[in-house]
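Down below is the structure, laid out as structure tokens.
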Amino acid sequence: MAETHVLFVEDDDVIREATQLALERDGFVVTAMPDGLAGLEAFRANRPDIALLDVMVPGLDGVSLCRRIRDESTVPVIMLSARADSIDVVLGLEAGADDYVTKPFDGAVLVARIRAVLRRFGHASGPDGGRPAADEADASVESVLRFGDLEVDTEGMEVRKGGQPVALTPTEMRLLLEFSNAPGTVLSRDQLLERVWDYGWGGDTRVVDVHVQRLRGKIGQDRIETVRGFGYKLRG
């Protein structure tokens with residue numbers, strides 16, 4: 001099994017060294033950097049499988065670094081934030097992060113979240129391996145789904161709107177697949193957290209809300225409807 005390469009950007013020496021050691025004990029290869037500019041150089045030089053970015057780092061803050069990475073790659077990004085209620089969490093998600101972890105964090109929790117993200121991106125990140133994508137559940141289902149001018153190719157993992165390709169991150173694609181497989185059905189935020197983010201426990205629904213907003217911006221604001229008090233549904 002190929003080793004998983006983690007880029008970890010954290011300016012606190014103690015946290016950076018302790019977290020690097022913990023991740024390496026779990027079998028990850030870690031490149032640890034103390035600031036955002038060094039982190040960007042390391043990302044371009046090493047092309048890691050996943051990036052862990054602290055929000056408050058010097059040189060180039062974590063949110064800006066996330067944007068720069070997202071401009072070049074769909075590699076999964078997890079933001080690290082010291083405050084769960086901070087606006088930095090939302091800013092990081094809006095910049096393209098796939099998830100976030102609140103500091104201080106337990107090493108086992110961080111590893112679990114990393115593996116959950118990697119499973120969504122098709123990496124085998126541990127003995128439990130990956131989970132089949134939503135479109136693999138029934139091979140007999142039509143592979144190209146159409147909703148107005150929106151086409152979702154569930155085998156080719158491609159999306160077109162008005163005949164033009166739409167670039168989605170893997171997390172956005174998985175989110176759209178969940179909606180596409182049940183058009184007109186209301187999916188709660190908790191259901192989406194479990195199915196898309198692989199959360200077997202309660203999570204922060206802001207992750208869902210921000211990704212829905214990002215997805216709307218790409219496929220059309222009216223395509224995904226908010227059902228107040230319940231969740232979201234895809235209009236057929």
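I'm trying to understand the selection: among the residues of the stretch 161-201, which are acidic (D, E) and more than 16 Å from R113 (Cβ to Cβ)? Show your work before the answer.
First, pick out the residues of the stretch 161-201 that are acidic (D, E): 172, 178, 190, 194, 198.
Correct list: E172, E178, D190.
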So, in the stretch 198-220, exactly how many residues are under 21 Å from G162 (Cα atoms), free of Cβ contacts under 8 Å to residues at least 60 places away in the same chain and surrounded by 15 or more Cβ atoms within 10 Å (Cβ to Cβ)? 4
Within the stretch 202-224, does at least one residue satisfy the condition of being within 13 Å of the chain's Cα centre (by Cα), among the hydroxyl-bearing types (S, T, Y), assigned to a loop (DSSP other than H, G, I, E, B) and within 20 Å of V117 (Cβ to Cβ)? no
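Taking the stretch 221-236 on its own, how many of its residues are open to solvent by 50 Å² or more (accessible area, probe 1.4 Å) and touching a Gly at 6+ places or on another chain (Cβ under 9 Å)?
Residues of the stretch 221-236 that are open to solvent by 50 Å² or more (accessible area, probe 1.4 Å), as a first pass: 221-222, 225-226, 228-230, 233, 235-236.
Checking the rest, the ones that are also touching a Gly at 6+ places or on another chain (Cβ under 9 Å) come to 233, 235-236.
Of the residues in the stretch 221-236, 3 are open to solvent by 50 Å² or more (accessible area, probe 1.4 Å) and touching a Gly at 6+ places or on another chain (Cβ under 9 Å).
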Which of the residues belonging to the stretch 61-90 are farther than 15 Å from P170 by Cα, open to solvent by less than 60 Å² (accessible area, probe 1.4 Å) and part of a helix (DSSP H, G or I)? G62, V63, S64, L65, C66, D88, V89, V90
Within the stretch 181-197, count every residue that is open to solvent by 30 Å² or more (accessible area, probe 1.4 Å), in a loop (DSSP other than H, G, I, E, B) and in contact with a helix residue (DSSP H, G or I) (Cβ under 8 Å, 6 or more places away or on another chain). 1
Does any residue of the stretch 96-116 turn out to be part of a loop (DSSP other than H, G, I, E, B), crowded, with 17+ Cβ neighbours inside 10 Å and out of contact with any strand residue (DSSP E or B) (no Cβ under 8 Å at 6 or more places or on another chain)? no
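What number of residues within the stretch 51-60 satisfy the criterion of being farther than 17 Å from I15 by Cα and buried (at least 17 other Cβ atoms within 10 Å of the Cβ)? Write out each step before concluding.
Let us first name the residues in the stretch 51-60 that are farther than 17 Å from I15 by Cα, namely 59-60.
With buried (at least 17 other Cβ atoms within 10 Å of the Cβ) added as a condition, the list becomes 60.
So the count comes out to 1.
I need a count of the residues in the stretch 147-177 that are part of a strand (DSSP E or B) and either open to solvent by less than 50 Å² (accessible area, probe 1.4 Å) or closer than 23 Å to L93 by Cβ (or both).
As a first pass, look at the stretch 147-177 and keep what is part of a strand (DSSP E or B): 147, 150-153, 158-161, 164-165.
Filter again for either open to solvent by less than 50 Å² (accessible area, probe 1.4 Å) or closer than 23 Å to L93 by Cβ (or both), leaving 147, 150, 152-153, 159, 161.
So the answer is 6.
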Do you know which residues across the stretch 27-50 are in contact with a helix residue (DSSP H, G or I) (Cβ under 8 Å, 6 or more places away or on another chain), open to solvent by less than 40 Å² (accessible area, probe 1.4 Å) and assigned to a helix (DSSP H, G or I)? G36, G39, L40, F43
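Scan the stretch 15-26 and tell me whether some residue there is in a loop (DSSP other than H, G, I, E, B), in contact with a strand residue (DSSP E or B) (Cβ under 6 Å, 6 or more places away or on another chain) and either modelled with pLDDT of 95 or more or open to solvent by less than 20 Å² (accessible area, probe 1.4 Å) (or both).
Step one: filter the stretch 15-26 for residues in a loop (DSSP other than H, G, I, E, B), giving 26.
Keeping just the survivors that are in contact with a strand residue (DSSP E or B) (Cβ under 6 Å, 6 or more places away or on another chain) gives none.
Looking through the stretch 15-26, none of the residues is in a loop (DSSP other than H, G, I, E, B), in contact with a strand residue (DSSP E or B) (Cβ under 6 Å, 6 or more places away or on another chain) and either modelled with pLDDT of 95 or more or open to solvent by less than 20 Å² (accessible area, probe 1.4 Å) (or both).
The values are calculated or read from the model by the stated rules, or taken from the named source; none is laboratory data. The structure presented is a predicted model; accordingly, all values stated were derived computationally and were not measured. Note: ideal-geometry Cβ built from the backbone for every residue, glycine included; neighbour counts use all protein chains shown. Just so you know, the surface numbers come from the protein's heavy atoms only, side chains and all, with ligands and any DNA or RNA stripped out. Shrake-Rupley method; radii C 1.70, N 1.55, O 1.52, S 1.80 Å.
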